[in-house]
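Structure first, then comments.
Where a number appears in this text, it was derived from the coordinates with a stated rule and is not lab data. Model, not experiment: these values are computed from the prediction. Virtual Cβ from ideal backbone geometry, glycine too; neighbours counted across all protein chains shown.
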Amino acid sequence: MACPNPAAPCPNNKMEALIHITLNSGDARISPRSEVPDDIVEILKPLVAAGDGEVAGLYVTMEATDTFTLGWHPGISAVRCYVAKEPSPALWKQAQGEGSEPTGPWLAVRLLPDALRCTTDQIMMLGDAERCVAWAIIETLPN
């Protein structure tokens, strides 16, 4: 069953999409859950619960239950990501989001200075990785 609002919980209480915002540029897009393979989310859930880890050369560090960094080298973060399953004005402010907080679940990403150390291919992979980790967090957080 398709949701009337793709970035809101459905009647089956499953979210079908999140709003993915790049804070540096202001770009935003609706990112359907279907873009992220279930097996990848399942691989990431224990890493999210553990607080950090490495998958396929990408280092994930949970800074809080709703904030994480990604980078291609240990201790060197290329992006900081903020995930809200439901409205969170305090998190939007912490992320330094501009304007009104998005409605529905959202992922706000800020490129960090060490992103300049990444290759073009690594930068391109970060967007997919951001969404995969975000969905692992959303599906791990209590309702």
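Each of THR69, THR103 was scored by other Cβ atoms within 10 Å of its Cβ. Arranged with the fewest first, they read THR103, THR69.
Which one, [x] 17.6; [y] 15.2; [z] 16.4, gives Kirkwood radius over Cα pairs in Å as derived from the coordinates shown? For Kirkwood radius over Cα pairs in Å, the calculated option is [y].
Its Cα centre serving as origin, the chain has a Cβ charge dipole (Lys and Arg +1, Asp and Glu -1) of approximately 260 debye. Taking the chain as the reference, fit the longest principal axis to its C-alpha atoms, fit the long axis of helix 38-50 to the helix C-alpha atoms, and give the angle between the two in degrees, 0 to 90, nearest 10. The answer is roughly 70 degrees.
Over the chain, DSSP H runs of length four or greater, each weighted -39,500 (n - 2.57), average out per residue to a 222 nm ellipticity of -9000 deg cm²/dmol. Pairs of Cα atoms nearer than 8 Å and 6+ residues apart set the relative contact order; for segment 17-140 it is 31 percent.
Taking CYS81, CYS118, CYS132 as the candidate residues, the one with maximal mean-square fluctuation in a Gaussian network model of the chain, Cα springs under 10 Å, is CYS118.
Relative to the longest principal axis of the Cα atoms of the chain, the long axis of helix 120-140 makes an angle of roughly 50 degrees. On the beta carbon distance between GLN94 and ARG29, with R0 = 25 Å, the FRET formula returns roughly 0.70.
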